[in-house]
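Note sheet for the following structure.
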Amino acid sequence: MRTVKRTGDHPGTEEGGLPDGPALVVDGLSVSLSGRQVLRQVSFSIGAGQVNGLIGMNGAGKTTLLRAVLGLQPISSGRVHLAGGRRSIGYVPQKVLLDPDLPVRARDLVELGIDGRRLGIPLRSGAKLARVEELLASVDGSALLDARVGALSGGEQQKVLIAHALARHPRLLLLDEPLANLDLHSTQETVTLLGRISREQGVAILLSTHDMNPLLPVMSHIIYLAAGRAATGTAEEVVRSDVLSRLYGHHVDVFHAHGRVIVSVGEEHREEGCEPGPEEACGPDHVTESDASAFTDDSAITIANAQSPRL
Ligand SMILES: Nc1ncnc2c1ncn2[C@@H]1O[C@H](COP(=O)(O)OP(=O)(O)OP(=O)(O)O)[C@@H](O)[C@H]1O
Ligand SMILES: [Mg+2]
């Protein structure tokens with residue numbers, strides 16, 4: 001049985017557990033911002049060595065959810081269980097503005113992530129540099145060691161930021177939109193890298209994106225956010241017209257074309273028979289309750305292709 005210890009530094013956050021248990025359990029999480037419920041009864045768990053996609057359109061609540069897991073965002077109700085405590089989280093935030101003239105090298109940024117101690121004994125500078133080199137090598141970034149971070153390309157900066165986030169041997173790595181603004185090559189390189197990190201280091205990864213296509217080769221599960229609710233499972237289980245229609249609270253089409261799936265979120269009109277009460281789930285078991293009025297857009301987004309993700 002998993003032991004859970006309250007940390008006390010943030011209501012609703014707990015830590016502890018067996019090493020082989022879930023790295024993160026989010027249970028009935030609700031968050032309100034400026035009086036509006038942005039997340040409502042969101043529940044999911046992720047295990048070691050898994051890459052999980054946090055999928056949702058702009059404003060769906062992805063950053064809010066990641067901030068709640070980090071303890072940066074107060075929650076209205078629910079629980080966040082972290083197997084290794086908050087210090088076991090590595091985080092790459094959504095917006096990292098690095099001025100090209102900033103006199104900071106990749107090695108300096110990565111070193112900032114190292115706590116400078118091992119078993120309470122201060123690391124010698126030689127040991128620190130060796131660790132920085134090891135971290136940069138782990139993201140295929142050895143050549144970036146002395147480069148100014150502000151002058152690096154988006155893909156190169158992403159590698160350095162991931163190396164920084166890995167510095168304290170996290171059990172859980174959170175990345176907020178790490179694929180935004182990357183070209184196809186850098187996107188594929190980053191996804192391959194994250195798959196390798198999760199596999200080889202046993203790190204549980206949760207990354208947000210509005211396009212899940214690039215993740216399919218490495219992703220085990222998705223947490224799909226819409227209208228404050230979450231649908232979770234494999235892509236095959238979640239990216240379906242019936243499940244997404246229930247999630248959004250109105251009809252959603254899922255088209256397969258040229259090996260891809262297009263999700264078309266049309267005009268909102270609340271689906272008959274999907275009027276959940278305060279504690280009642282709407283739709284299949286893996287769809288949690290929501291405020292379906294939050295979205296009224298009629299855009300179409302590509303979120304998956306027809307191939308099944310690796311399980
Ligand atoms: N401090 C705040 N006060 C009020 N509303 C907020 C605050 N921060 C975010 N929101 C709103 O909460 C909703 C969710 O925002 P969030 O940033 O979590 O979305 P997101 O899924 O990360 O979007 P994006 O893909 O654009 O990054 C949005 O409607 C946003 O406007
Ligand atoms: Mg965001």
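The values are calculated or read from the model by the stated rules, or taken from the named source; none is laboratory data. Just so we're clear, the structure is a prediction, and the values are computed from it rather than from any experiment. Here the Cβ positions follow ideal geometry from the backbone for every residue, glycine too, while neighbour counts run over all protein chains shown.
Restricting attention to the range 99-115, which residues are surrounded by 13 or more Cβ atoms within 10 Å (Cβ to Cβ), of a type outside the set (Gly, Ala, Ser) and part of a loop (DSSP other than H, G, I, E, B)? Selection gives Leu102, Val104, Ile114.
Whenever a residue of the range 122-138 is more than 25 Å from Leu193 (Cβ to Cβ), its partners that are part of a helix (DSSP H, G or I) and of a type in the set (Lys, Arg), lying with C-beta atoms within less than 9 angstrom and at least six residues away or across chains, give the pairs Leu123/Arg131.
Out of Leu166, Leu182, report the one residue that is modelled with pLDDT of 95 or more, aliphatic (A, V, I, L, M) and either farther than 20 Å from Gly71 by Cα or within 16 Å of the chain's Cα centre (by Cα) (or both). Show your work before the answer.
On the way: Leu182 fails: modelled with pLDDT of 95 or more.
Result: Leu166 is the single residue among Leu166, Leu182 that is modelled with pLDDT of 95 or more, aliphatic (A, V, I, L, M) and either farther than 20 Å from Gly71 by Cα or within 16 Å of the chain's Cα centre (by Cα) (or both).
Evaluate the following for Ser34: is it on the phi > 0 side of the Ramachandran plot and either surrounded by fewer than 23 Cβ atoms within 10 Å (Cβ to Cβ) or within 16 Å of ligand 1 (Cβ to nearest atom) (or both)? Show your work before the answer.
Details: on the phi > 0 side of the Ramachandran plot: yes; either surrounded by fewer than 23 Cβ atoms within 10 Å (Cβ to Cβ) or within 16 Å of ligand 1 (Cβ to nearest atom) (or both): yes.
Yes; evaluated as a whole, the condition is true for this residue.
Does the range 225-243 hold any residues that are assigned to a strand (DSSP E or B) and in contact with a Leu (Cβ under 9 Å, 6 or more places away or on another chain), and which are they? Hits for the range 225-243 are Leu225, Ala226, Arg229, Ala230, Ala231.
Take the residues of the range 200-249 that are among the charged types (D, E, K, R) and surrounded by fewer than 17 Cβ atoms within 10 Å (Cβ to Cβ): which is farthest from the chain's Cα centre (by Cα)?
Restricting attention to the range 200-249, the residues satisfying the condition of being among the charged types (D, E, K, R) are 200, 211, 229, 236-237, 240, 242, 246.
The next check asks that each one be surrounded by fewer than 17 Cβ atoms within 10 Å (Cβ to Cβ); those that pass are 200, 211, 236-237, 242.
Working: Glu200: 19, Asp211: 13, Glu236: 19, Glu237: 19, Asp242: 24 Å.
Among them, the one singled out is Asp242.
Scanning the range 59-92 for residues that are assigned to a helix (DSSP H, G or I), within 16 Å of ligand 2 (Cβ to nearest atom) and touching a Leu at 6+ places or on another chain (Cβ under 9 Å) yields Lys62, Thr64, Leu65, Leu66, Ala68, Val69, Leu70.
The residues listed here are Ile222, Ile205; of these, the one that is within 23 Å of Val254 (Cα to Cα) and part of a strand (DSSP E or B) is Ile222.
Looking across the range 64-85, the residues that are touching a Ser or Thr at 6+ places or on another chain (Cβ under 7 Å) and of a type outside the set (Gly, Ala, Ser) come down to Leu66, Gln73, Ile75, Val80, Leu82.
Conditions tested, residue by residue: (1) more than 16 Å from ligand 2 (Cβ to nearest atom); (2) surrounded by 24 or more Cβ atoms within 10 Å (Cβ to Cβ); (3) farther than 13 Å from Asn52 by Cα.
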{"site": "His164", "(1), (2), (3)": "yes, yes, yes"}
{"site": "Glu177", "(1), (2), (3)": "no, no, no"}
{"site": "Ser186", "(1), (2), (3)": "yes, no, yes"}
{"site": "His251", "(1), (2), (3)": "yes, no, yes"}
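Which one is farthest from Arg168 (Cα to Cα), of the residues in the range 37-51 that are part of a strand (DSSP E or B) and away from ligand 2 (no atom under 16 Å from the Cβ)?
Keep residues of the range 37-51 that are part of a strand (DSSP E or B), which gives 37-46, 51.
From the residues that got through so far, the ones that are away from ligand 2 (no atom under 16 Å from the Cβ) too are 37, 40-41, 43-46, 51.
Working: Gln37: 34, Arg40: 32, Gln41: 31, Ser43: 27, Phe44: 25, Ser45: 22, Ile46: 20, Val51: 19 Å.
Among those that are part of a strand (DSSP E or B) and away from ligand 2 (no atom under 16 Å from the Cβ), it is Gln37.
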